[in-house]
Amino acid sequence: MRLEILFGYLLLMFGSLSIALGAFVGINIGTDLVNLPSPEQVVAILRSHQISHVRLFDADNHLLSALSDTEIEVMISVTNEEVLRIGQSPAAAATWINKNVAAFVPSTNITAISVGSEVLSTIPHAAPVLVSAMKNLHKSLVSSNLNSQVKVSTPVSMDTIPIPFPPSTATFNSSWNSTISDILKFLQTTNSFFMLNAYPYYGYVQSSGIFPIEYALFQSLPPVKQIVDPNTLFHYDSMFDAMVDAAYNSISAYSISGIPIVVTETGWPWAGGANERDATVENAETFNNNLIKRVLNGSGPPSQPAIPMNTYIYELFNEDKKPGPLSERSYGVYFSNGSSVYTFGLDTSSQTALNASGGFCVARKGADTTSLQDGLNWACGPGQANCSTIQSGQPCYMPDTIENHASYAYNDYYQKMRSVGGTCDFGGTAITTMVDPSYGSCIFTGSTNSSIGGMVTPAFGPEGPPGNGSPGQLLDISVLLLATVVSLVV
């Protein structure tokens, strides 16, 4: 374990706070997508990518069952639609706890409940009962003797802080003073933490050029562009740090201290509409990988350097059924088949580990078709990849797409040549993944199912051609469960 992370473990001492000592980066799991993997497949993806903390936007019982015995820390959610009922009825809260918490612990490692999602910003009419809902749930946890393991809080949006910079003068919107005060008192009394949703993407876009994009992406700034709080003289190397500090200072205005902040949502979209020019693959990759490095160094923002900024990235999959602009549907770091949208890893040594174990090399989703064809031609020609399997009538011919054929050819070249310097690039059209892209009878070179063998736990591969309902297009559930067991051993 890296020294910085170990140091973070020693610094965060908040009694029985069960969210986990030390710095960690988790991920949100939304389910508003067309090709939603099964719960078992979702868990296989989590295990194959070594994701140890997840936040669910509801309390899906099938997924909670699939998460049992994985040791993955799980934050479940009371939906906005449930807040009013639970806030008005202790009995409803008890029923919710019995159904969604008591029925699953300890085999499923549930550690927190987020009550609603940005209730103050999205459903203000429920604000009067928000704290009551939190108290009712906590009382039910006490009755079940689960209150020391499971903490209760509610995600608050940065929208509730009208002027977040400079952080030293930031305050919550005064219209929410009574509710915020009650929330903070509850968190302090129950030894819980403050949940903050903070998106530098929106902070940057809404700043209309006041802040440089490097500041939003955790990139170094030249001396003439340094961001400094004029009151404290704290230097802010990232907008993320400034947002967290703005929340800490807003909390301190209530003369309450000792409540750590956990960032329950942050991220950067990798695609956007014509007016969303900063929503790009490159920016999303830069933001999330730099975020991971920042959080896992174990330190907090300038005003609270000893408190790690535990964070959940938004989000696991692209939720293509969500309304709104294209960017809203493009926050996922993985596609529903488990392959990465871009190079991504939840620990700073992941890329080194990926290169050491080899992984798989596949075509990047959304890559230019002409560039993919050029890469395919090179791999099957000068690259000497074995492309016989992607010819008509052969196991990997279907689906008959350039992306599918390029993935197979790219990977065959990479597996054979990486030991002598071969790379997974192909003009920027390729990406490495730890998830086995094999599917049905199409076995990718390097797979544990192939004659060559491999070191990577299989998950499941690209979706088959439209209308093909063959069970071979996705791995059998038993294989996925085996994959999870193997990953436990490894």
Report task. Answer yes or no: is there a residue in the range 148-169 that is in the same structural domain as ASN283 (by TED's automatic domain parsing), over 23 Å from TYR314 (Cβ atoms), polar (S, T, N, Q) and assigned to a helix (DSSP H, G or I). Result -> yes
Query raised in the report: Restricting attention to the range 136-147, does a residue exist that is within 18 Å of LEU56 (Cβ to Cβ) and assigned to a helix (DSSP H, G or I)?
Result: yes
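Find the strands (runs of 3 or more DSSP E) located wholly in the range 16-82 whose residues include 1 or more that are charged (D, E, K, R), and list them.
In the range 16-82, the matching strands (runs of 3 or more DSSP E) lie at 53-56, 73-78.
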Query raised in the report: Filter the range 290-324 for residues that are polar (S, T, N, Q) and surrounded by fewer than 21 Cβ atoms within 10 Å (Cβ to Cβ); which is nearest to LEU233 (Cα to Cα)?
Result: SER303
Query raised in the report: How many residues are part of a strand (DSSP E or B) and either modelled with pLDDT under 95 or among the polar types (S, T, N, Q) (or both) when one looks only at the range 185-226?
Result: 1
**Report entry** Test set (1) surrounded by fewer than 21 Cβ atoms within 10 Å (Cβ to Cβ); (2) closer than 13 Å to MET134 by Cα; (3) out of contact with any strand residue (DSSP E or B) (no Cβ under 7 Å at 6 or more places or on another chain) - THR190 fails condition number
**Finding:** (3)
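Given the structure, is ASP241 at pLDDT 95 or above, of a type in the set (D, E, K, R) and assigned by TED's automatic domain parsing to the domain that holds SER330? Talk me through it step by step, then tell me what you get.
Values: at pLDDT 95 or above: yes; of a type in the set (D, E, K, R): yes; assigned by TED's automatic domain parsing to the domain that holds SER330: yes.
When the stated conditions are applied, ASP241 passes them.
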Requested in this report: Could you list all residues from the range 96-125 that are in contact (Cβ under 8 Å) with a residue 40 or more places away in the chain, farther than 19 Å from LEU67 by Cα and surrounded by fewer than 18 Cβ atoms within 10 Å (Cβ to Cβ)?
Outcome: THR122, ILE123
Report summary line: Quick count over the range 293-322, residues being of a type outside the set (S, T, N, Q), at pLDDT 95 or above and in contact with an Asp or Glu (Cβ under 7 Å, 6 or more places away or on another chain), is 4
Query raised in the report: Do we find that GLY272 is in contact with a helix residue (DSSP H, G or I) (Cβ under 6 Å, 6 or more places away or on another chain), small (Gly, Ala, Ser) and assigned by TED's automatic domain parsing to the domain that holds ASN197 in this structure?
Result: yes
Query raised in the report: What number of residues within the range 63-94 satisfy the criterion of being touching a strand residue (DSSP E or B) at 6+ places or on another chain (Cβ under 7 Å) and over 27 Å from PHE24 (Cα atoms)?
Result: 2
**Report entry** Whichever residue in the range 227-255 is part of a helix (DSSP H, G or I) and without any contact (Cβ under 8 Å) to a residue 40 or more places away in the chain and, among such residues, is farthest from GLU285 (Cα to Cα)
**Finding:** SER252
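The values are calculated or read from the model by the stated rules, or taken from the named source; none is laboratory data. Computed from a prediction, not measured in an experiment: that's the story for all the values here. Quick reminder, even Gly has a Cβ in these numbers, built from the backbone with ideal geometry, and neighbours come from all protein chains shown.
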